[in-house]
Amino acid sequence: MKFNFYSNNDDGHRREYADFTQKYLHGTRVSLRDGTLRRDPLLFLMVEDDFFKFFIVSVVRSLFGLKTSGLTFRAHYCIGSHSPKHIVKFAMMKFLNFFRYTNTISIIPFEIEPRLKGLCRSSLYDFQFWDLSYCISNANAEEIEHFYSKFLSVSAGKILVSAIGKQNKDKGVDSFIKLYNENENIRSKFCFLIAGKITDVEEAELDEFVRNGGVAINRYVSDEEIFAVYKASGFIWCAYSPSYDQSSGVLGRALQFGKTPIVRSNSVAERICNYNNIISIQSDHFSKIDLVGGEATAKPDGVLLCSPESFKKIAFHVE
């Protein structure tokens, strides 16, 4: 089955999402105008980019019997919120469920957040929980091995603990740096590494982090570098701030690589790990751990996996 998809920019994970949707799920990227007018099913890659447009396009297309679906990353923020913005969004999402050709898809599965049932029509795991074989096959294997050796070398025999991707306070990078700077016991056994552009951090704190033996790759990092960091690391930082409590592609990739995630207590990330019987370490307890390695005891199984056919069944309700 053919389908079109729309994304209004390529910031953050969107470039990877778009590439994966086009080449693995076999969707066709279109402008909003073309996607609205064409009869093929239309997928919004991230409805939060412009929820009002998703709402209007979904309603209009549904009136003509045309299917429209959208991935929502933050629908759970609307549950129990007293924010006017969230109250309006909650009402609009509930209204969309009256239209049979519209499908709002949560990337936090209903098993993790049951209250999303009735607000969203479907759920699945973030693409980055099940995209690794595709991504690795399209990366440069020699470069991955080169960077892998490099990262093992800079760790100087210690276990790598890595924060991957664009880093700011939402991603908890301030806590990551503080944890390393303030714990000599951690520094004796672990090497903390940041792989991605860093913002929201005082220069003095970052300088201290580097002086203490931390590694900061404060720039855009290539896919090959990112895959090498995952491969070389024992633990992956997924302890995001409460204001950014959502499903994480970094968590998904960590689980696919079989690495132990460091999570915030009671976060979505911790609930995903607990539900799937995957070991995680709470960030508050990391300074007390006494581990030889950081290998997760369970890797994602079929519960986390998807395929082009099963995705289309979920997204567009086709058999």
Review point. Which residues, taken from segment 213-257, are among the basic types (Lys, Arg) and closer than 15 Å to Lys166 by Cβ?
Key: Arg219, Arg253
Practice item. Answer yes or no as to whether Ile236 is touching a residue at least 40 places away in the same chain (Cβ under 8 Å), closer than 21 Å to Val263 by Cα and buried (at least 17 other Cβ atoms within 10 Å of the Cβ). Key: yes
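In segment 110-135, how many are in a loop (DSSP other than H, G, I, E, B) and free of Cβ contacts under 8 Å to residues at least 24 places away in the same chain? Reasoning before the result, please.
Residues of segment 110-135 that are in a loop (DSSP other than H, G, I, E, B), as a first pass: 110-113, 118-119, 121, 124-126, 130-131.
Still in the running and free of Cβ contacts under 8 Å to residues at least 24 places away in the same chain: 110.
Result for segment 110-135: 1.
Could you tell me whether any residue of segment 87-99 is over 29 Å from Arg15 (Cβ atoms), charged (D, E, K, R) and modelled with pLDDT of 95 or more?
yes
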Practice item. Only helices (runs of 4 or more DSSP H) wholly contained in segment 1-103 count here; list those with 1 or more residues that are under 21 Å from the mean Cα position of the chain (by Cα) and farther than 30 Å from Arg271 by Cα. Key: 14-23
Review point. Counting only residues that are in contact with a strand residue (DSSP E or B) (Cβ under 8 Å, 6 or more places away or on another chain) and over 16 Å from Gln246 (Cβ atoms), how many does segment 54-92 have?
Key: 10
Check your understanding: When you scan segment 185-292 for strands (runs of 3 or more DSSP E) that lie fully inside it, which ones turn up with 2 or more residues that are of a type in the set (A, V, I, L, M) and either modelled with pLDDT of 95 or more or more than 18 Å from the chain's Cα centre (by Cα) (or both)?
Key -> 190-195, 215-217, 260-263
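The values are calculated or read from the model by the stated rules, or taken from the named source; none is laboratory data. Here the structure is a predicted model, which means the values were calculated and not measured. Because the Cβ atoms are built from the backbone with ideal geometry, glycine has one as well, and the counts that use them run over all protein chains shown.
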